[in-house]
There are 6 protein chains.
Amino acid sequence: MNSVKLAEMDWMSYRDRVKDGECTILLPVGAIEQHGPHMSLNPDVLIPEHIACRVAERSGNMLVAPPIAYGYKSQVKSGGGNFFPGTTCVSGRSLEEYAYDVILAYVAHGNREFIVVNGHFENSMFLVEAADRAVEHARLSGIEIKVVLLSYWDFISATTIEKVFPEGFSGWAVEHGGVLETSIMLKIHPELVDMSKAVDIPPAEFPPYDVFPPDPAWVPSSGTLSSPAKATAEKGKWILDECIAGICRTFG
Amino acid sequence: MNSVKLAEMDWMSYRDRVKDGECTILLPVGAIEQHGPHMSLNPDVLIPEHIACRVAERSGNMLVAPPIAYGYKSQVKSGGGNFFPGTTCVSGRSLEEYAYDVILAYVAHGNREFIVVNGHFENSMFLVEAADRAVEHARLSGIEIKVVLLSYWDFISATTIEKVFPEGFSGWAVEHGGVLETSIMLKIHPELVDMSKAVDIPPAEFPPYDVFPPDPAWVPSSGTLSSPAKATAEKGKWILDECIAGICRTFG
Amino acid sequence: MNSVKLAEMDWMSYRDRVKDGECTILLPVGAIEQHGPHMSLNPDVLIPEHIACRVAERSGNMLVAPPIAYGYKSQVKSGGGNFFPGTTCVSGRSLEEYAYDVILAYVAHGNREFIVVNGHFENSMFLVEAADRAVEHARLSGIEIKVVLLSYWDFISATTIEKVFPEGFSGWAVEHGGVLETSIMLKIHPELVDMSKAVDIPPAEFPPYDVFPPDPAWVPSSGTLSSPAKATAEKGKWILDECIAGICRTFG
Amino acid sequence: MNSVKLAEMDWMSYRDRVKDGECTILLPVGAIEQHGPHMSLNPDVLIPEHIACRVAERSGNMLVAPPIAYGYKSQVKSGGGNFFPGTTCVSGRSLEEYAYDVILAYVAHGNREFIVVNGHFENSMFLVEAADRAVEHARLSGIEIKVVLLSYWDFISATTIEKVFPEGFSGWAVEHGGVLETSIMLKIHPELVDMSKAVDIPPAEFPPYDVFPPDPAWVPSSGTLSSPAKATAEKGKWILDECIAGICRTFG
Amino acid sequence: MNSVKLAEMDWMSYRDRVKDGECTILLPVGAIEQHGPHMSLNPDVLIPEHIACRVAERSGNMLVAPPIAYGYKSQVKSGGGNFFPGTTCVSGRSLEEYAYDVILAYVAHGNREFIVVNGHFENSMFLVEAADRAVEHARLSGIEIKVVLLSYWDFISATTIEKVFPEGFSGWAVEHGGVLETSIMLKIHPELVDMSKAVDIPPAEFPPYDVFPPDPAWVPSSGTLSSPAKATAEKGKWILDECIAGICRTFG
Amino acid sequence: MNSVKLAEMDWMSYRDRVKDGECTILLPVGAIEQHGPHMSLNPDVLIPEHIACRVAERSGNMLVAPPIAYGYKSQVKSGGGNFFPGTTCVSGRSLEEYAYDVILAYVAHGNREFIVVNGHFENSMFLVEAADRAVEHARLSGIEIKVVLLSYWDFISATTIEKVFPEGFSGWAVEHGGVLETSIMLKIHPELVDMSKAVDIPPAEFPPYDVFPPDPAWVPSSGTLSSPAKATAEKGKWILDECIAGICRTFG
């Protein structure tokens, strides 16, 4: 039971770790969402949880909460859209309320510092609202908390992008199921990637607006928004190393 | 990627499995809750997920969804209470809305049959409401779905109880963190149990009412409501075998 | 206007009774639900209100609030199910919010002690949530309140059960519309019971799970889950006497 | 069990009355609110329920539902304000949701016609919203319902007002706890009125706006907004007769 | 940028005006609702905003917030009903929450005094709830605020009514789209009134109840509830002058 | 009353324009938010409304709805943060519900096509949810609608950016209150800009995460995230011309 995952601790050990309010709780939030025919539905959960665990191991002063697995509705231009079989999403309100409650439950144990590690772009604004309201609610009880909200990819540098994409980067907007996520998954969960099914497509192009109901014709039929073909576990390692180091350096 | 866990499938394989609406989705719902000093915080998640996976493996026609990990507030007389460090619970409304959205998201993929496998007593009524409302909402769209809601322990027979408790059973009400849950965890996750820390106590006794705010003095200081001391992996196997067989026989 | 029912008091008399915060408010919560062809739809309201009034009369320090009459959705295995004509139920959220508001309104008058007297099993968890949230909200205002939540049947002893069921007790689970409730109603509202219409059936048997939408074929066509045939007013008196005495002894 | 109160019927008798959808359900909605030192807290519940019962008796085709007892927050200029001990009110949302659910539960039994009989001015707009949303929700299920919303005092004619107030009528706005309500209560529940405690005051005068938090100094200290001194049971009979006859004539 | 409309100020100038908490914020709330074939859809927004600006100009100590433009559902007997094309209304809950948030946002800047200037009758009770809850929430944070809620027409005297309606006043209830509103609009926005399209009708008469779904046959086909034919800009000036003077005198 | 602003039409003219369902409703959604000491608080409302009006004028088949003025909470890295005096924001839920209701109200008039013209970055995801839910709700009623969601700045080309920023573009992320918005305001509302107060600062730099409560020290003290010093009305015209032309070309 010596783990950075708090759910694997017994409650007395956990209590002793958090009671002084100086432990930081890392809360991964992801999504169940198609990532192309070559990959499982859960990279957005597994990647932030992996990163959170590595950060916590280095820090010595952090614990990782069980991830919130189901996230906000996949959007066409960032995740392919909410109409793919396998893409299994909740409403903004549900995600907000659930994350809000979870944060405040950890506050009740004495925790005061949180890092929400987001793995799914579409979650962001609902996590903003959850964090903002949790801070306000805690304050009504006379408790000051601090909630950091980060998306792991924001810790990837231009240098690494150049190294990962020597032939040019098509941009963050179309990275869904592409080289970045696939490379990370090849590194941390190769058993959940089958590169023989990877579809090599040009980067998707989208008009400068969204439409509801979404139009499936906007999305490549594979579900990825760019080609994962050049993904490798080595690239995944570069990316992870940088994200983990960056987060540690900032909050360690 | 040959798994009964749907999140480990790629979306095209998943789509092919569910498109005719004849696959049953097993949705484990648990809790993060103290289970005594000898056990991790996540038995209520791991046990229903384990059972769901074994059932799905035997069935050939079922898939297991990612569990909903955070459940409704632990109550004193069934889970020790919501004031223990480590017990990390959400409001009834949050659980209801989150589970409701998740069920309806699977309906959108074409699924029509669900078994919600509950591992935390306090979740029950909020899952009832989620299931009832999901059925009603689907019907407004012209879709008939069927949602079974079960708590795995309801499949344990009196015979097995006698076998597990040869010296007499103190009753379901005080089984929190006791022989049943501990035995199952010894069987499926021995690394998350440390029997050397198990506290041998007489079964808790409670008055015939509840009080809010809860009174921690009602609860044994270890957090379990009866003694886990006689738990063994073998007993865990008996229980699991019966639950899994019973669920398979009923819904297989 | 000398009554234990607070709604029958004028406001100044009420104010004088509650202003020191030492009066306990008894809040009956019931349901409008079929109870077989031999009985009215309101036992779940009338019984807890009756008990509350008798308790308040003995106590001298309690007042009875107007009951919340409509409760949470009847479930097949405890109340026959929400599809019977006459069974008139609200959502969990509506019950929770309504009860929450009512409790806090009494807090605003200066009351600090509450006993919620529940007469309908299905209400329980939503009243738990209402009570828990009311305690938390009052605390944000710097007010400590105490809310007891009880279901009257939990004060019936094994001895009384044996006396009421000399031929053996089929268990609490199937008591809906059976000997217990019918006997109490024969005692307190004989005009609402017509024993000539009572249907003598064996106790209902249910599988170890629930299903949504519910299957009416699971429920005896009379709507009761066991036979009310042996109900008598005398048995009703035994039960009531014990419940009232028990509640008085505990909280008086 | 031969009653116009549906809660006093057994479910089979009720079913037979409502199954053709031609029975009208009368739903009284009131409030628990101070009405001066001379009267109980429940006139807003008892009066609409009384009127509903008399209307149903004459009609032969109507049934009276259990009242919704707790209503929206008393306002200074219509009910004295929400700060009086004994005035026990719920939020607009709670009332709306509760009433909405109750109406739709009766729809599920086959009922299609409703008359909501309001006894508390402040409820009106929240009942409008409940009715409007219930109609819309039923329509989504392919069911057309009709919900009438009335406040009983709107059926009192100018002629009766002149007869009841031979010395001049101070206006509806200040009738809270005055001659009209007191007279009706003297007629239907004399045991809940004590005219010796009635406070004879001039009609309250208010500025043309509201203020929050309300200012108790705006309200006569007795809590009534005009004098109940000239109330009599005979006047109560005139008023009731006219309301009941008017409602019957319109909807009978 | 020297304006009484706060949205036209730069933030530093605004900050300097409000930082001592002694500025009063005037918040107009209206509706988009048909007002007959002779007038635009926005009188309920433009009139309270106009009045608020004139009041603020005279006061020197008030600022006008951007109006909340969409209000609660038009009702047949006060606004013609929610079924007219152009009548564009939100639910009670949406209006309540939106207004509640807006008030509390201004509180966060340091403001403590508010006047909500309502221009649409149907908004009233939802604004009551918004104001009441905002006061309570602010208080939980240790902040006392005061929210006045007024509808401008309540400042029109009987004398002015006699002057405006020399041939007799049909009553407030049917003034929708009639002489009062049309005269004001002729004064402040003559470009949005076309008197050649005004329909001269007798005042509408309504039964003493409401019905849902509403019956369009109750409403004059023009959408106004009385005739606007005798509206003039001069009458509009009389009315405005009195309302503005009255509000200034009361709160200035 | 010949206007593209639908609120300036009488209801019969509006009805005639929309009854065939082929008119597109443009709904501007903005925010009240500080934009530096040189500019008013309402650019996020005025700009999308201006663009919508110009688009509608060219199209001949579109109408502009009254804007939703108050938007979601300003964030530090896109709008300076929600702690500036003058920044007046609502919760995500309020914005979502309000916009959802407004869209569905226009659907009730017969409209089937909508373009939500967003002027405040932080609104985006809550408008996504409003649009998604509105589409789903309409569909339950058998009505198919189409809601386009656009932020006007997404129609600005790289060419125009180069022309507007000849010395290099600091990036969209820091454009809050900078050259783009200021230039547009100088073109359409020069009276609301005072360039003499413009503060010339280097572009803000932010860490790759957010924190709650936000840290005001992250934000330039002027409130803008880059310098507006080089804004001109001519640049504003270039930008507007391109946005208006682009939207017309796409949806005209």
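What the table shows:
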{"quantity": "Rounded to 10°, Cα long-axis angle of helix F:179-188 versus longest principal axis of chain F", "calculated": "60"}
{"quantity": "Residue of E:K235, E:K73, E:K163 that the Gaussian network model of chain E assigns the largest fluctuation, springs spanning Cα pairs under 10 Å", "calculated": "E:K163"}
{"quantity": "Helical mean residue ellipticity (222 nm; -39500 (n - 2.57) per DSSP H run of 4+; nearest 500) of chain E", "calculated": "-12500 deg cm²/dmol"}
{"quantity": "Teacher prompt: B:E57 distances to equivalent labels in other copies, 7 Å Cα→Cβ, nm", "calculated": "2.7, 6.4, 7.1, 7.1, 8.1"}
{"quantity": "Debye, to nearest 20: dipole size of the protein assembly as shown, +1 on Lys, Arg Cβ, -1 on Asp, Glu Cβ", "calculated": "0"}
{"quantity": "Neighbour count of at most 14 Cβ within 10 Å plus DSSP loop: longest GluC sites (Glu not before Pro)-free window in chain D", "calculated": "D:23-143"}
{"quantity": "Other-copy label distances relative to D:P202, 7 angstrom Cα-Cβ extension, nm", "calculated": "4.0, 7.4, 7.4, 8.0, 8.7"}
{"quantity": "Virtual spin-label span in nm between B:W172 and F:M195, 7 Å along Cα→Cβ", "calculated": "7.8"}
{"quantity": "Cα gyration tensor shape for the stretch C:116-252, rounded if a/c is under 1.5, else prolate or oblate", "calculated": "oblate"}
{"quantity": "Residue among A:G223, A:V76, A:S94 farthest towards the positive dipole end of chain A, charges placed on Cβ", "calculated": "A:S94"}
{"quantity": "At R0 = 30 Å, FRET efficiency that the Cβ-Cβ distance of C:K19 and C:R249 yields, to 0.05", "calculated": "0.65"}
{"quantity": "Highest-MSF residue in chain A out of A:D16, A:D101, A:D194 [GNM, Cα springs under 10 Å]", "calculated": "A:D16"}
{"quantity": "Cut-off 9 Å between beta-carbons: net charge of the residues surrounding E:S183, Lys and Arg +1, Asp and Glu -1", "calculated": "+2"}
{"quantity": "Distance from the stretch A:13-74 to the stretch B:97-155 (C-alpha centre basis), Å", "calculated": "26"}
{"quantity": "Cα gyration tensor, the stretch A:6-251 - rounded (a/c under 1.5), prolate or oblate", "calculated": "prolate"}
{"quantity": "Gyration tensor (alpha-carbon) shape descriptor, the protein assembly as shown, a/c threshold 1.5", "calculated": "oblate"}
{"quantity": "Most positive-pole-ward Cα, A:I32, A:M12, A:V64, against dipole of the stretch A:1-93 from beta carbon charges", "calculated": "A:I32"}
{"quantity": "Across A:K197/A:K237; A:K77/F:K146; A:K163/A:K235; A:K19/A:K146; A:K73/B:K5; B:K163/B:K197, pairs whose alpha-carbon gap is larger than 19 Å", "calculated": "A:K197/A:K237; A:K73/B:K5; B:K163/B:K197"}
{"quantity": "Cβ-vector label at 7 Å, C:S157, separations to other copies in nm", "calculated": "3.6, 6.6, 7.8, 7.8, 9.1"}
{"quantity": "In the B-A interface, the accessible area buried, summed over both sides, Å² (probe 1.4 Å)", "calculated": "3800"}
{"quantity": "Accessible area per residue in Å² at 1.4 Å probe, computed on the protein assembly as shown", "calculated": "33"}
{"quantity": "Percent accessible area from carbon and sulfur atoms, the stretch F:6-251, protein chains only, probe 1.4 Å", "calculated": "52"}
{"quantity": "Neighbourhood charge, 12 Å Cβ-Cβ cut-off, centred on B:F212 and excluding it, Lys, Arg +1 and Asp, Glu -1", "calculated": "-3"}
{"quantity": "Separation of the F:S221 and A:A229 label points, Cα + 7 Å toward Cβ, nm", "calculated": "5.6"}
{"quantity": "For the stretch B:53-136, Kirkwood radius (reciprocal of mean inverse C-alpha pair distance, Å)", "calculated": "14.0"}
{"quantity": "Closest-to-axis residue of chain F (Cβ criterion, axis taking F to C), whole Å", "calculated": "F:R93, 8"}
{"quantity": "Acute angle (nearest 10 degrees) that the helix B:43-59 long axis makes with the longest principal axis of chain B, alpha-carbon atoms", "calculated": "40"}
{"quantity": "Occluded residues from the stretch C:84-128, i.e. those whose accessible area drops by 50 Å² or more once the chain is not alone (1.4 Å probe)", "calculated": "C:P85, C:T88, C:R93, C:S94, C:Y98, C:D101, C:H109, C:M125, C:F126, C:V128"}
{"quantity": "Principal-axis tilt of helix A:124-140 within chain A, Cα atoms, nearest 10 degrees", "calculated": "10"}
{"quantity": "Mean Cα-pair separation over length for chain B, i.e. relative contact order, pairs under 8 Å, 6 or more apart, %", "calculated": "24"}
{"quantity": "Around C:P43: net Lys/Arg minus Asp/Glu count, Cβ-Cβ under 10 Å", "calculated": "-3"}
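The values are calculated or read from the model by the stated rules, or taken from the named source; none is laboratory data. Just so you know, these numbers come straight off a predicted model, no measurement behind them. Note: ideal-geometry Cβ built from the backbone for every residue, glycine included; neighbour counts use all protein chains shown. For the accessible areas, the whole protein counts, side chains as well, though only heavy atoms, and no ligand, DNA or RNA atoms are used. Shrake-Rupley method; radii C 1.70, N 1.55, O 1.52, S 1.80 Å.
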